Amino acid sequence: MKVYISIDLEGLPGISSLSQVAPGLPLYEDARNIMTWVVNVVSKELKDNGVNEITVADSHAFMNNIKYLDVEEDIKLIQGYPRPFSMVIGLEEGYDAVMFIGYHAAAGTLGGFLDHTYSSRTIYRLYVNDVQASEYLLNALYAGELGIPVALVAGDERLEEQVNKYTPEAVFVPLKKGYARIAAEYMTKKIIEKELRNGIKEAVKKMKEGSLKPLTFNKYEIKIELREAVYADMVQIVPGVKRLDAYTVEYVAKSAKEALAFTELVAWIGSAGAYMIRSMSG
């Protein structure tokens, strides 16, 4: 069996502060240790349950968070940013299932810990077919188009409702509960490890049974509300984009792959716009 793991940071236990989420911040090293520990727990349990090929995509921010020298299991590790298809690059090479670890709620979710969708700096809210979309949903659709089902999602409890609705066969493991944008509750390391291992056992069992189903939609209408009108000014020149108001753009994608590519492009354009504004402000 061959499994792809995309691991983010905000949905992991022990992450409760902005001081943990980026290089140079005082508690960032703690976050790196937590993410590396989770990778080791997950990959060992997968190996113990008969999964012989594991790819882990480091998928937070600049995507160099996992401590390479401390990874214990025999896995492939993807790191570095920017990269095409961001959190799920290489998934097209073919896998039996995908797992999303450390995932968080969609931008605009009440109580979601550091809720955002692909770019907290530039994207205020993102919708697919009028559904408020999370990174889980966008990535699950891309995987589904490739025929790859979601086996497990682990992260903020605020994401569970969407997972149960769109991939009900997938195992959901709550790693924390967001109380506010920068406040969360989580269990201790020993309990989290037990819950993760049990969830993986169940997910692998479903893989072996063939009970998992890829997620697909019959259309992909993307609407993005941006945080600054200038970002929409820049995005509107992309072919196929319709400007709805000062902050909102719309795009009808032909596929989940195109929907994800457009989202990533908007995030990059917005980041360039944010840098430009800062530069002009002195």
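The values are calculated or read from the model by the stated rules, or taken from the named source; none is laboratory data. Everything numeric here is computed off the predicted structure, so don't read it as measured data. Heads up, the Cβs are rebuilt from the backbone with ideal geometry, glycines too, and the neighbour counts pull from every protein chain shown.
Structural remarks
- Looking across the stretch 229-279, the residues that are among the charged types (D, E, K, R) and either within 24 Å of the chain's Cα centre (by Cα) or under 23 Å from Ala61 (Cα atoms) (or both) come down to Glu250, Lys254, Lys257, Glu258, Glu264, Arg278.
- Unique match (being under 21 Å from Thr263 (Cβ atoms) and free of Cβ contacts under 8 Å to residues at least 40 places away in the same chain) among Met63, Met87: Met63
- Of all residues in the stretch 199-221, none that is within 10 Å of Pro149 (Cα to Cα) and modelled with pLDDT under 95 has its Cβ atom under 9 Å from the Cβ atom of a residue that is among the β-branched types (Val, Ile, Thr) and part of a loop (DSSP other than H, G, I, E, B), 6 or more apart or on another chain.
- Residue list for the stretch 67-122, filter: surrounded by fewer than 22 Cβ atoms within 10 Å (Cβ to Cβ) and assigned to a strand (DSSP E or B): Lys76, Leu77, Ile78
- Matching option when the condition is of a type in the set (Asp, Glu) and more than 22 Å from Ile15 (Cα to Cα), among Glu73, Glu135: Glu73
- Meets criteria (of a type outside the set (Ser, Thr, Tyr), in contact with a strand residue (DSSP E or B) (Cβ under 6 Å, 6 or more places away or on another chain), closer than 19 Å to Thr36 by Cβ and modelled with pLDDT of 95 or more) for Lys76: yes
- For the residues Thr122, Thr109, the requirement of being closer than 26 Å to Val230 by Cβ, in contact with a Ser or Thr (Cβ under 7 Å, 6 or more places away or on another chain) and of a type in the set (S, T, N, Q) singles out Thr122.
- Number of the exception - Leu46 against (1) over 16 Å from Leu152 (Cα atoms); (2) surrounded by 20 or more Cβ atoms within 10 Å (Cβ to Cβ); (3) over 18 Å from the mean Cα position of the chain (by Cα); (4) not acidic (Asp, Glu): (1)
- Wholly enclosed helices (runs of 4 or more DSSP H) of the stretch 143-254 bearing at least 1 residues closer than 20 Å to Arg121 by Cα and aliphatic (A, V, I, L, M): 229-235
- Residue within the stretch 47-66 that is of a type in the set (Ser, Thr, Tyr) and assigned to a loop (DSSP other than H, G, I, E, B) present: yes
- Here Lys165 clears all of (1) more than 21 Å from Glu45 (Cα to Cα); (2) in contact (Cβ under 8 Å) with a residue 60 or more places away in the chain; (3) among the basic types (Lys, Arg) except the condition numbered (2).
- Single residue of the stretch 1-30 satisfying the filter (free of Cβ contacts under 8 Å to residues at least 12 places away in the same chain and not charged (D, E, K, R)) that is surrounded by the most Cβ atoms within 10 Å (Cβ to Cβ): Gln20
- Screening Ser134 against (1) more than 28 Å from Trp37 (Cβ to Cβ); (2) crowded, with 24+ Cβ neighbours inside 10 Å; (3) polar (S, T, N, Q) leaves a single unmet condition, (1).
- For the stretch 255-271, a residue qualifies if it is assigned to a helix (DSSP H, G or I) and either among the hydroxyl-bearing types (Ser, Thr, Tyr) or more than 16 Å from Tyr124 (Cα to Cα) (or both), and the qualifying residues are Ala256, Lys257, Glu258, Ala259, Leu260, Ala261, Thr263, Ser271.
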